[in-house]
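Working notes, beginning with the structure itself.
The values are calculated or read from the model by the stated rules, or taken from the named source; none is laboratory data. It should be emphasised that the depicted structure is a prediction, and the values quoted were computed from it without experimental measurement. Positions of Cβ are backbone-derived with ideal geometry, glycine not excepted, and every protein chain shown enters the neighbour counts. Surface areas here come from the heavy atoms of the whole protein model, side chains and all, with no ligands, DNA or RNA. Shrake-Rupley method; radii C 1.70, N 1.55, O 1.52, S 1.80 Å.
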Amino acid sequence: MPDRRLLCLGAAAIVCIAAYMTIGLGGNIGFVLSLRATKLAALLQVSLSIALSTVIFQTVTNNRILTPSIMGLDALYLFGQMLLVFLLGGLGYSALDPQLKFGGEVMLLMGLAIGLLLPMLRRRTDMGLMLLAGVIFGVLFRSLQSLLARLVDPNDFAVAQSASFANFNDVRTDVLIFATILTAVAAVIAWRARHLLDIVALGADSATGLGVAWARTVAGLLLLVSSLVAVSTALVGPIAFFGLLVVAIAERVVDTRRHSMLLPAAAFTAVIILVGGQTLFQHGLGNSSTLGVVIEFAGGLAFLILLFLGSRR
Amino acid sequence: MIRVEKVSLKHGSTPILHDISLDIPKGGITALIGPNGAGKSSLLSLIARLQPLQTGKISIEGYPVDTTPNRDLAKIIAILRQDSIVTSRLRVRELVGFGRFPHGRGRLTEEDQRIIDQSLQQFDLTDLAGRFIETLSGGQRQRALVAMAFAQGTDYLLLDEPLNNLDMYFARELMRSLRKIADGKGKTVVIVLHDINQAGVYADRIVAMKSGRIIADGPPSELLTPETLHAIFGFGMRVETIDGIPIVVHLR
């Protein structure tokens, strides 16, 4: 029997989706609905991919205050954008086939995840070393990106910059189909791995003792995380703390770390915050503020609170 | 049978184990004793493939531990480490249920539930089954971890200092439970112990290690002599035989 708290979260998520689709309908209803449906699809994917990637990443690293962006994945994405603008110019960049570009970006991100992993897979995966490598790569890519930003001309810079900030009003719908397939496949894999994730959360030794091929499993899960990060970053740009906020709330609502509960709970929470928040900002507040900023602010606060609570324990 | 052949281990340039060879036949309790840093835990984690083998060979029931799929090994051998991480927000019953993972990959059948109930009962955890792990005392948590290893239902059970944090009552209960499954179900238990008298009373065989080498090996009655104990631990102690069991007086 599904848990009552999970059902409540699910119901709230559906209410948010319904509100997003129906509030303030007017004019050409067919046109408005199809426009909203496209954006909704993108928002749902972002919710799902961020929720799942953060849960899996936290489980693998056995750390509650990490998000995949610490591995430098979104920094690499932004560097890739800037590099393309640098090489092709603003016009050439805009003329690129979006599906092709997105495919390339996903491969690049997965490649980096493996590149970081392979040296450490030879031995038993040392999580601390890997995360450190991730942080350093993140700084490297951010620095390279700002170096390139100083080299391109201002018009081209504007093109690249629009890709570098989280923006929920202007989601990239051109890569939607490709992203949908990727998200769906990743979500199915994550759901099927829910029991495995429970075991992985016990740490390398216990998981090995229970028959998990540790290095291979962790590599696979990190590939999954990086493809999910690629989806959300490509659709709306980099978001650092949203995942943290979502997982922290979901974990408190369902009060368990079992993945059969936590994975759907986190996904629902993400939908509630993202779709509900977007509805609120569009209709309630008349677009007077930016959801991205508010979410990052709240997420940052959640990060500090978790740090504070963690240090007291 | 667990067969360890010419196994050596180094951490960087520090040698941990020197050319260890050891056969542990099926059935019975084998206790590993020795001072801190003797390499007992390292040997145990090599047998349980938690560390990669550097030199030598280890096989369990003829399956080499370095090439047999991990999943298959998990049905033959279970290990409890000293420093097992326990994730928070996890109930005792869920943790013990994880022991069944190698069998159903997380899907619990009625048979699994029965085994979980049995393990909970065996370690007096039935009343605690619904509690969160982090609300338990160190000893209760230790019992839950042992129960998880039990629930795995393997023929071989490796336990690294399972008596840590246990009070006298539960230390005795645990050793008696181990004795019971060794005698009744023909399980093979390899256990690292620091309490020499627990080893003397409950083990069939004691293997003593020091500085990465096996320096004595035999049944308690042969091994627990003042001379051998002095060689192992570096100080003299009295050994008295009470009801036919050698008791080591090592406190003064």
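Annotations
- Considering only alpha-carbon pairs that sit under 8 angstrom and 6 or more positions apart, the relative contact order computed for chain B is 25 percent.
- Buried on assembly, the stretch B:39-69 (at least 30 Å² less accessible surface than by itself, 1.4 Å probe): B:R49, B:L50
- Fraction of beta bridges assigned by DSSP in the protein assembly as shown that are antiparallel (%, nearest 5): 60
- Listed residue pairs exceeding 18 Å between alpha carbons, taken from B:K187/B:K210; B:K75/B:K187; B:K40/B:K180: B:K187/B:K210; B:K40/B:K180
- Listed residue pairs exceeding 24 Å between alpha carbons, taken from B:K6/B:K26; B:K57/B:K185; B:K6/B:K185: B:K57/B:K185; B:K6/B:K185
- Remark on the stretch A:228-263: accessible area falls by at least 30 square angstrom from chain-alone to full-complex state for A:D255, A:R257, A:R258, probe 1.4 angstrom.
- Over the stretch B:1-101, the alpha carbon radius of gyration divided by the compact-protein estimate 2.2 N^0.38 Å works out to 1.19.
- Shape summary: the protein assembly as shown maps onto an equivalent ellipsoid whose semi-axes, from the alpha-carbon gyration tensor, are 55, 26, 19 Å in decreasing order.
- Carbon + sulfur, % of accessible area of the stretch B:1-125 - ligands and nucleic acids excluded, 1.4 Å: 46
- Rg/Rh ratio calculated on Cα atoms of the stretch A:19-59 (Kirkwood radius): 1.23
- With Cα atoms, 0 to 90° folded angle of helix B:168-184 axis to chain B main axis: 90
- Residues of the stretch A:28-65 buried by at least 30 Å² on assembly (accessible area, 1.4 Å probe, chain alone as reference): A:N62, A:R64
- Accessible surface of chain A, 1.4 Å probe: 71 percent of it comes from carbon and sulfur atoms.
- Rounded, prolate or oblate (a/c below 1.5 giving rounded, otherwise prolate when a/b exceeds b/c) for chain B by Cα gyration tensor: oblate
- Note: relative contact order over chain A, using C-alpha pairs below 8 Å and six or more positions apart, is 34 percent.
- Ellipticity estimate at 222 nm from DSSP helix runs (n ≥ 4, -39,500 (n - 2.57)) divided over chain A, nearest 500: -25500 deg cm²/dmol
- Largest accessible area first, the residues A:D174, A:D205, B:D66 order themselves as B:D66, A:D174, A:D205 under a 1.4 Å probe with ligands, DNA and RNA left out.
- Both radii are taken from the alpha-carbon atoms of the stretch A:210-257; with Rh as the Kirkwood radius, Rg/Rh is 1.09.
- Heavy-atom accessible area per residue - chain B, 1.4 Å, Å²: 46
- Shape analysis of chain A based on the Cα gyration tensor places the equivalent ellipsoid semi-axes at 30, 27, 17 Å, largest first.
- Solvent-accessible surface of the stretch A:1-117, averaged per residue with a 1.4 angstrom probe and all protein chains in place: 43 square angstrom.
- Shown is the FRET efficiency for B:N164 and A:I23, computed with R0 = 56 Å from the Cβ-Cβ distance and rounded to the nearest 0.05: 0.40.
- 5 Å-binned pair-distance histogram of the stretch B:147-238 (Cα, whole percent): 3, 12, 23, 24, 18, 14, 6, 2, 0
- Both chains summed, the buried accessible area for B and A stands near 2200 Å², from protein heavy atoms and a 1.4 Å probe.
- Listed by chain and number, the aspartates and glutamates whose alpha-carbon sits under 13 Å from that of B:K10, ignoring those within fewer than 8 places in the same chain, are B:D19.
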